[in-house]
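Since the structure comes first, as structure tokens, the remarks are kept for the end.
The values are calculated or read from the model by the stated rules, or taken from the named source; none is laboratory data. Predicted model, so just to flag it, every value in this text is computed and none were measured. Cβ atoms come from the backbone with ideal geometry, glycine included; neighbour counts cover every protein chain shown.
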Amino acid sequence: MSEWTLVIHGGSGSMRRGVLPEAEDEGGRAGLEAALKAGGAALDAGGSALDAVEAAVRVMEDDPHFNAGRGAVFSWDGANELDAAIMDGTSRAAGAISSVTTTRNPVSLARKVMEDGRHVLLSGAGADEFSRDKGLEQVEPDYFALAERRRQLDEIKAGGGFDSAMKYGTVGAVAVDAQGHVAAATSTGGLTAKRWGRIGDSPLIGAGTYADDRACATSCTGSGEIFIRAVAAHEIAALVRFGKLGPVDAAGSVIAEIGAMGGKGGVITVGPDGTGGWAFNTPGMYRGILRSGEAPRVAIYDDED
Ligand code: ASP
């Protein structure tokens, strides 16, 4: 079997052993395993890294344990507004969408934007219209809504401390296929109580998502405003290309910088040679890795693996 590697995340945050409810721990791990399985099946079938990251992210978008697709967080106005991006490291073609409300799988819409080729980032009602034009599955906006996410919004609006349990449940995947091509994808509902059309790092190429066969593919999660200012995913690629660091060392360096800027979160990354993994500065990050011919590994807390 040819060699490939798939790395995924389901968000970073203050998840601690014994504090995170058992059902969330187990559900999160099962969701990660299902995503690895879907992405791995695409690669085993000879699919590209791009196919694999899309397949893995779709599974997590459909899974209510994560803040992407179904189960996304609520905006201040009580809506679920979804952001996603995808990038092909070979051509550096990219597609992204922001603030969509009726597309079941935002990552697939991002891919349609990329394949259409005229634009890189579409937003709001126009992006949903493009989605319908491309024949993607549409859902009623309340498909995405979960009572627990609504409760978290209400708690924040009441001035409460949802922050103490804050988990950034954004999802992402990076992969290198048997041909040595890399790809990255990220999908999110953004931050609870986001307002004024706020857009985070996830759909911004170079900030939350980036892929370049000359360096590595990266997907980020965490305090988006800082990741934007650090141009985090591209910075990792730059450190690999010009700084001659390995992807995981480059990721560690950028996470340290983000910490110094007051940011929290994590990244996953993989290079064309299959070197890959993660770095994060939160107590936990939902994460997993699958290499061709090996068993999947998933983890949540910082003391694992
Ligand atoms: N980075 C995302 C954003 O700022 C949030 C997350 O990772 O959960 O929108």
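Close Cβ contacts (under 6 Å, 6 or more residues apart or on different chains) running from residues in segment 193-206 that are part of a loop (DSSP other than H, G, I, E, B) to residues that are charged (D, E, K, R) and surrounded by 21 or more Cβ atoms within 10 Å (Cβ to Cβ) comprise Ser202/Asp83; Pro203/Asp83.
Criterion first (among the acidic types (Asp, Glu), under 30 Å from Thr275 (Cβ atoms) and in contact with a Ser or Thr (Cβ under 8 Å, 6 or more places away or on another chain)) does Glu54 satisfy it? Walk me through how you get there before you give the answer.
On the way: among the acidic types (Asp, Glu): yes; under 30 Å from Thr275 (Cβ atoms): yes; in contact with a Ser or Thr (Cβ under 8 Å, 6 or more places away or on another chain): yes.
Here the answer is yes, as Glu54 does meet what is asked.
Among residues of segment 105-119 that are outside any helix (DSSP H, G or I) and of a type outside the set (Asp, Glu), those with a beta-carbon under 8 Å from a residue that is surrounded by 13 or more Cβ atoms within 10 Å (Cβ to Cβ) and at pLDDT below 95 at least six positions away or on a different chain give the pairs Asn105/Gly69. Hey, among Leu20, Leu32, Leu43, Leu6, which residue is surrounded by 15 or more Cβ atoms within 10 Å (Cβ to Cβ), assigned to a loop (DSSP other than H, G, I, E, B) and touching a residue at least 40 places away in the same chain (Cβ under 8 Å)? It is Leu20.
Checking each residue in segment 207-233 for being within 8 Å of the ligand (Cβ to nearest atom), outside any strand (DSSP E or B) and in contact with a strand residue (DSSP E or B) (Cβ under 7 Å, 6 or more places away or on another chain) picks out Gly208, Ser223, Phe227. Cβ-Cβ distances below 6 Å connect the following pairs, each with a first residue in segment 236-262 that is basic (Lys, Arg), a second residue that is part of a loop (DSSP other than H, G, I, E, B), and a separation of six or more residues or different chains: Arg241/Arg214; Arg241/Ala215. State which residue is farthest from the ligand (Cβ to nearest atom) when the search covers only segment 245-268 and only residues that are buried (at least 17 other Cβ atoms within 10 Å of the Cβ) and of a type in the set (Gly, Ala, Ser). For segment 245-268, the residue satisfying everything is Gly246.
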